[in-house]
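The values are calculated or read from the model by the stated rules, or taken from the named source; none is laboratory data. Given the structure is predicted, the values throughout are model-derived calculations rather than measurements. Here Cβ is always computed from backbone atoms with ideal geometry, including for glycine, and neighbour counts include all displayed protein chains.
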Amino acid sequence: MMRAWILPMVFAACGVLVAASQFAKGSPGTAAPLLLFFALLAWLHSPLAFPRSVGAAEAQRRSAVDGRPVVYWRAGCTYCLRLRFRLGRNARRLHWVDIWHDPAGAAVVRAANDGDETVPTVVVEGRPYVNPDADWVRAQLSSSP
């Protein structure tokens, strides 16, 4: 569980150190934007930037009922982040599974990717797709009931 927060904490700590050094040099006008920049990086690489995750079993159950794709992801993954932001508001309609919080989700991803934890892996109707284009995922959403 802590693994998902290591990178965001590193960004936040670096931001505090860089901002403190600029403030100590007498440049508070430079320190504030730098601190905000590092805070933004920390947020983008944290689980907070993604819709709330559910377990793999729950996501599969929900997907079987509503036909929506399941996205397996992990915090700090730039490809997951890109997919999340390119989907925009549609991202909330998908079922998200954080493989660092759910061992069953990690097992699904490893089974689909020859033992590798390659994310994002999107499962549509039981079939996995690795790092699909956001437009394709959006089309899968519009074709679901």
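The table for this structure:
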read-out	value
Residues of the stretch 88-109 that turn out to be touching a strand residue (DSSP E or B) at 6+ places or on another chain (Cβ under 9 Å) and surrounded by fewer than 17 Cβ atoms within 10 Å (Cβ to Cβ), as a count	1
Test result for PRO132, within 15 Å of the chain's Cα centre (by Cα), in the same structural domain as SER63 (by TED's automatic domain parsing) and either at pLDDT below 95 or surrounded by 15 or more Cβ atoms within 10 Å (Cβ to Cβ) (or both)	yes
Output for the stretch 110-129, where each listed residue is within 9 Å of TRP73 (Cβ to Cβ) and either aliphatic (A, V, I, L, M) or surrounded by fewer than 19 Cβ atoms within 10 Å (Cβ to Cβ) (or both)	VAL119
Filter result for SER53 (hydroxyl-bearing (Ser, Thr, Tyr), under 28 Å from VAL123 (Cα atoms) and modelled with pLDDT under 95)	yes
Helices (runs of 4 or more DSSP H) lying entirely in the stretch 1-87 (those with 1 or more residues that are surrounded by 13 or more Cβ atoms within 10 Å (Cβ to Cβ) and either among the basic types (Lys, Arg) or on the phi > 0 side of the Ramachandran plot (or both))	56-66, 78-87
Hey, PHE11 touching a His at 6+ places or on another chain (Cβ under 8 Å), farther than 27 Å from VAL123 by Cα and not assigned by TED's automatic domain parsing to the domain that holds VAL122 or not	yes
Long-range neighbours under 7 Å by Cβ, at least six apart or interchain, first residue under 20 Å from SER46 (Cβ atoms) within the stretch 58-76, second among the small types (Gly, Ala, Ser) and part of a loop (DSSP other than H, G, I, E, B)	ALA75/SER46
Pairs where the first residue, in the stretch 125-145, is over 22 Å from ASP114 (Cβ atoms) and the second is assigned to a helix (DSSP H, G or I) and not polar (S, T, N, Q), C-beta under 6 Å, 6+ apart	ALA134/LEU83; ALA134/ARG86; ALA134/LEU87; LEU141/ARG93
VAL97 being in contact with a His (Cβ under 8 Å, 6 or more places away or on another chain) and touching a residue at least 40 places away in the same chain (Cβ under 8 Å)	no
